[in-house]
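Student: Mind having a look at this structure? Questions to follow.
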Amino acid sequence: PSLTQLRAATRQSAMVSVAAGGKALVVASIRSLTNVCISVEPGNRVTPHCSAQGRIVLAFSDEQTQAQMLGQEMQRFTTSTICTPQAVQERLETVRRRLWDVAEGEMAVGISALAAPVFRDDGIIAGTIGIVGTSVAIPADPPPALVAAVQEVAAAMSERLNNHSYAQLAAPRKRKPG
């Protein structure tokens, strides 16, 4: 139901990844209903340094896993690929603060992904949920409504796993009466 809900809200293909050894492993996906669709197939281990799902898993992995991944050679797939340890580390800090990431044209020109973390009851990353589509539909600076749609589903999945990490984002949005 979460993938179907996300596809309906965004009109994009949706995917769920689990955290496995500091990487994101796609375990389920659902294609958009448009005539031309971009998808990520289950079984795909996304590249940690230049994918939204990969950076999210890396951002919430332990320091040893992060150091190991950041110490590896990072392939440049396009001119947009983030591939230096310092740039990736800066992005991981941003991911931890805002609880989402976007990878616009980093693996292939014209293709983007937007994802948010799903947490377990112990606060450990369980995985990610996100969308994939064209860079026109999912730009580098995605519309707030698109981010909110992804985070809403991620928050609901986290809640089902008895985690309340997204409550910190909802609190500032509430207005005080009067």
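The values are calculated or read from the model by the stated rules, or taken from the named source; none is laboratory data. Just so you know, these numbers come straight off a predicted model, no measurement behind them. Every residue, glycine among them, receives a Cβ derived from its backbone with ideal geometry; neighbour counts consider all protein chains shown. The accessibility values were calculated without ligands, DNA or RNA, using every heavy atom of the protein model including side chains. Shrake-Rupley method; radii C 1.70, N 1.55, O 1.52, S 1.80 Å.
Student: May I ask you to list the residues in region 1-14 that are in contact (Cβ under 8 Å) with a residue 24 or more places away in the chain and either hydrophobic (A, V, I, L, M, F, W, C) or part of a loop (DSSP other than H, G, I, E, B) (or both)?
Tutor: Once the filter is applied, which keeps residues that are in contact (Cβ under 8 Å) with a residue 24 or more places away in the chain and either hydrophobic (A, V, I, L, M, F, W, C) or part of a loop (DSSP other than H, G, I, E, B) (or both), region 1-14 yields L3, L6, A9, R11, Q12, A14.
Student: Another question, if that's okay. State all residues of region 129-161 that are within 12 Å of the chain's Cα centre (by Cα) and over 16 Å from L99 (Cα atoms); if no residue qualifies, say none.
Tutor: Matches in region 129-161: V132 only.
Student: Let me ask you something else. What number of residues within region 29-56 satisfy the criterion of being of a type in the set (G, A, S) and under 14 Å from the mean Cα position of the chain (by Cα)? Even if it seems obvious, please write down each step before you answer.
Tutor: Looking only at region 29-56, we keep the residues that are of a type in the set (G, A, S), and these are 29, 32, 39, 43, 51-52, 54.
Narrowing the set further to residues that are under 14 Å from the mean Cα position of the chain (by Cα) leaves 29, 51-52, 54.
Summing the residues that are of a type in the set (G, A, S) and under 14 Å from the mean Cα position of the chain (by Cα) in region 29-56 gives 4.
Student: Please state which of the following conditions W100 fails to meet, knowing it meets all the rest: (1) modelled with pLDDT of 95 or more; (2) open to solvent by 30 Å² or more (accessible area, probe 1.4 Å); (3) more than 11 Å from the chain's Cα centre (by Cα).
Tutor: (3)
Student: Now a separate question. How many residues are over 18 Å from F119 (Cα atoms) and either open to solvent by less than 30 Å² (accessible area, probe 1.4 Å) or assigned to a loop (DSSP other than H, G, I, E, B) (or both) when one looks only at region 15-47? Walk me through it before giving the result.
Tutor: Narrowing region 15-47 to residues over 18 Å from F119 (Cα atoms): 29-47.
From what is left, the residues that are either open to solvent by less than 30 Å² (accessible area, probe 1.4 Å) or assigned to a loop (DSSP other than H, G, I, E, B) (or both) are 31-44, 46-47.
Qualifying residue count, region 15-47: 16.
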